[in-house]
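These notes are about the structure you will find just below.
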Amino acid sequence: MWLPYRGRTRGISGAQHISTLGLTAAYYPCCRLTVGRANVGGGDDVNAAVTNVGERPVTDRIPEGRPRADGVSEFPTNQPFVLDNTTCPYCGTTVTRGSESDKEHVVGRKFVPKGTLYQSWNLILRACRQCNREKSDLENDLSLITMHPNVGGRFASDDLRLRAEVRRKIGRAISRRTRKPIAAGEEPFIIRGSLGPMQMTFTMKMPPQAEEERLFRLARLQLQAVFYFLTYNRQTHQGYFWPGAFCPLISVRREDWGNPHLRWLEAQTVGWEPRFFVITADGFYKAWIRRKTDANLWAWALEWNQNFRLAGFFGDEAIARDLVVDLPKLDVSSIHETTSKFLKVRIETPLSEGEDRLFSIADTDAGP
Ligand SMILES: [Zn+2]
């Protein structure tokens, strides 16, 4: 599923936690974009927003990075980065202090278990009220869905803060799919079929499901904010949108982290230039962005609450489409099929900790 990038539809394991935030030395800006209306996701032309810089005090709080041998700079992860930005990173509308603008935490404070963002990296900036509200609404149920234990009752991590947060949220968050509170867990999944003369009904249980479109919409917002930061200009107090499309590829639960499509993306992009890498919220939030050399194409991966992983591309859609031609075929079998209906299943592919390298960029890219 590829979402077009246009107008107001904005938007993107328990392994050892590495306390590192990496950006390329040239993170500021990471690329030069020709910014015009075509690249702006709705709202005002960002060029028009530059005019009102005036004598406002500069209150960006971005600490100095420490360059490493491999060209990546490390930044302290015990404090948030704060931008004094003048445009909404999600829609491009002008935002100013005291106007219709809100403080926006890119890693939502209630999106991860309570307490995990304390003295931790986050990106705090200003967003317009409408985008802020839209993002909070996405976070409301997706935070619980991504923290929820699997059908066997197993949590993604033994961290007690995770269990406490699920207890707090259960019954309060409303599933956007079923319009009911996400209560004690599973959604029934009923299959009716016939085998010869017999009519059969199977009822299976699933953990609460998220609409994939909403998962990717939240992913897109988070990535937009990070990209805005990567291209942020401290004189004009604004960053940019990526040129091109948002191309989500996959979202999987922990049980399926070994999914061939996710492993394919990892293998394809491992040599791309790292642009951004973070593990924060005590390992409950992970993200990276890499750029294909000499192309306006970026790959990205996110991990939410040590449970959900999402990945894909943004930028030049034609190049991305050329790449995905080589996606491996998934092993799908049909368990029920008539001329008009079918039900296909695929066994999830777990990933052992030893094989899990998706977010170990800090090790693999380190120079001698
Ligand atoms: Zn906005």
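Which pairs do you get when a residue that is within 16 Å of the ligand (Cβ to nearest atom), found in region 128-149, comes within reach of a residue that is among the charged types (D, E, K, R) and not in a helix (DSSP H, G or I), reach meaning Cβ atoms under 6 angstrom, with the pair 6+ apart or on two chains?
What qualifies is Arg129/Glu100; Arg129/Asp102; Asn132/Asp102; Asn132/Glu104.
Filter region 78-94 down to residues that are in a loop (DSSP other than H, G, I, E, B) and either at pLDDT below 90 or out of contact with any helix residue (DSSP H, G or I) (no Cβ under 9 Å at 6 or more places or on another chain) (or both) and give me whichever is nearest to Ala219 (Cα to Cα).
Filtering first and then ranking leaves Pro80.
Within region 215-235, identify whether any single residue is over 17 Å from Glu303 (Cα atoms), at pLDDT 80 or above, touching a helix residue (DSSP H, G or I) at 6+ places or on another chain (Cβ under 8 Å) and crowded, with 21+ Cβ neighbours inside 10 Å, and answer yes or no.
No.
Would you pick out the residues in region 44-76 that are modelled with pLDDT of 75 or more, β-branched (Val, Ile, Thr) and surrounded by 14 or more Cβ atoms within 10 Å (Cβ to Cβ)?
Listed by number, the list holds a single entry, Ile62.
Residues in region 262-273: is at least one basic (Lys, Arg) and either under 30 Å from Ile174 (Cβ atoms) or part of a strand (DSSP E or B) (or both)?
No; the residues of region 262-273 include none that is basic (Lys, Arg) and either under 30 Å from Ile174 (Cβ atoms) or part of a strand (DSSP E or B) (or both).
Quick one: how many residues across region 242-261 are part of a loop (DSSP other than H, G, I, E, B), under 21 Å from Ala156 (Cα atoms) and in contact with a Phe, Trp or Tyr (Cβ under 7 Å, 6 or more places away or on another chain)?
Counting residues in region 242-261 that are part of a loop (DSSP other than H, G, I, E, B), under 21 Å from Ala156 (Cα atoms) and in contact with a Phe, Trp or Tyr (Cβ under 7 Å, 6 or more places away or on another chain) gives 1.
I need the full set of residues from region 94-116 which are of a type in the set (Ser, Thr, Tyr) and within 16 Å of the ligand (Cβ to nearest atom), in order please.
Thr94, Thr96, Ser99, Ser101
For region 81-93, give me each residue that is buried (at least 20 other Cβ atoms within 10 Å of the Cβ) and either hydrophobic (A, V, I, L, M, F, W, C) or more than 16 Å from the ligand (Cβ to nearest atom) (or both).
Matches in region 81-93: Leu83, Cys88, Cys91.
Hey, can you tell me all the residues within region 342-368 that are exposed (fewer than 13 other Cβ atoms within 10 Å of the Cβ), modelled with pLDDT under 65 and under 24 Å from the mean Cα position of the chain (by Cα)?
Once the filter is applied, which keeps residues that are exposed (fewer than 13 other Cβ atoms within 10 Å of the Cβ), modelled with pLDDT under 65 and under 24 Å from the mean Cα position of the chain (by Cα), region 342-368 yields Asp363, Thr364.
For region 217-241, which positions are in a helix (DSSP H, G or I) and over 16 Å from Arg275 (Cα atoms)?
Of everything in region 217-241, those that are in a helix (DSSP H, G or I) and over 16 Å from Arg275 (Cα atoms) turn out to be Arg217, Leu218, Ala219, Arg220, Leu221.
Can you tell me which residue among Glu266, Glu255, Glu273 is among the acidic types (Asp, Glu) and modelled with pLDDT of 95 or more?
Just a single option satisfies the conditions, and that option is Glu266.
The values are calculated or read from the model by the stated rules, or taken from the named source; none is laboratory data. This is a predicted model, so every value here is computed, not measured. Every residue, glycine among them, receives a Cβ derived from its backbone with ideal geometry; neighbour counts consider all protein chains shown.
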